[in-house]
Amino acid sequence: MIRIENLNKYYKSIHALKGVTLHVAEGELFAYLGPNGAGKTTTIRILNGLTTLSSGNAYLNGFNIETHKLQAKQQSGLVPQSANLDQELTVFENLDVHGRLFGMPAKKRVEKIHELLEYVDMADRKDSLTKHLSGGLKRRVMVARALVHSPKILFLDEPTVGLDANIRRRIWGLVKKIQQNGTTIFLTTHYIEEAEFLAQRVSFLDKGAIVAVDMPQNLMRRIGTWAIDRITDNQMETVYFKTREDANKYIGGQKESFTLRRVNLEDAFLSLTGKKVL
Ligand code: ATP
């Protein structure tokens, strides 16, 4: 559903994307994970026609984003990182403007908007001005807006950044529900647990290049199953083990205090890139 081939992007002397190649299957929930400045937003902006690529090719549902721009645009909906709703319009009006921009006939548009407002649990706020909504509610309106024209692909750029833990989980539930209804989801995030919880496959992006693409379990398995964190000389060190037995043997010889835990996706990212996802 999404095909990216050898994508490069330069902002003058900054080489922001360095030959990114990725394929995302229909119906998949794919997480594009990387630290600040890795190139996540640049990728999403290119795929949504908001900035040009420097070289390479990209296709949405088979449509080349450069040579078949309009058809490609029709395939996807975008929830950008920062809230960009029209503050002086109501929730309903924001969605209505979007539907009009995509040339939807009035009856179909209104039906779809009502259906989506129910879907994101915002029907009772349809006449509220969006400037009066909290961050979490705004995010739900943005998700609904991105779905008005029934796209096959939904791009979510850091959908839960700045939201509290409860609201974040609510958005996760909504994202899962959208995927279960058949939409392909491309999610950028620097919240590791978000990728681990939601995604079927994850890619690690570092300084504009992909360092790994796989299922979260496989990425974790590459380094082991158990991890021991210990403090030595005021530094935290983590050691990984294939089996609990190996970890126990190691614990037997320890003098310092330590924590035994299961390997998580952050361990995999750290060991592949040598840095934390901040
Ligand atoms: P974040 O998690 O902070 O949003 P990101 O992974 O989305 O980061 P990008 O915003 O895509 O990263 O930025 C990738 C690189 O390109 C960074 O070095 C950034 O400074 C640079 N960059 C992004 N947009 C521009 C621009 N319009 N002009 C110049 N440089 C840019």
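Any read-out appearing in this document is the output of simple, stated calculations on the displayed coordinates, not a laboratory observation. Fair warning: this is a prediction, and the values are worked out from it, not measured in the lab. Note that we place each Cβ from the backbone using ideal geometry, even for glycine, and neighbour counts take in every protein chain shown.
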Fill in: Antiparallel %, DSSP beta bridges [both residues in the chain], to 5
65
Worksheet item: Tell me, how many Å apart are the Cα centres for the range 40-88 and for the range 95-142?
Response: 21
Item to complete: Out of all DSSP beta bridges with both ends in the range 103-248, state the antiparallel percent to the nearest 5.
Response: 70
Worksheet item: Modelled label-to-label distance, H23 and Q71, 7 Å Cα→beta-carbon offset: nm?
Response: 2.0
Worksheet, complete the sentence: Kirkwood calc, the range 25-177, C-alpha pairs only, radius in angstrom 16.3
Worksheet entry | Spacing of the two label points (7 Å from each Cα toward its C-beta) at Y250 and A123, in nm | 5.3
Item to complete: Note down the relative contact order for the range 167-278 as a percent, whole number, built from C-alpha pairs under 8 angstrom at least six residues apart.
Response: 23
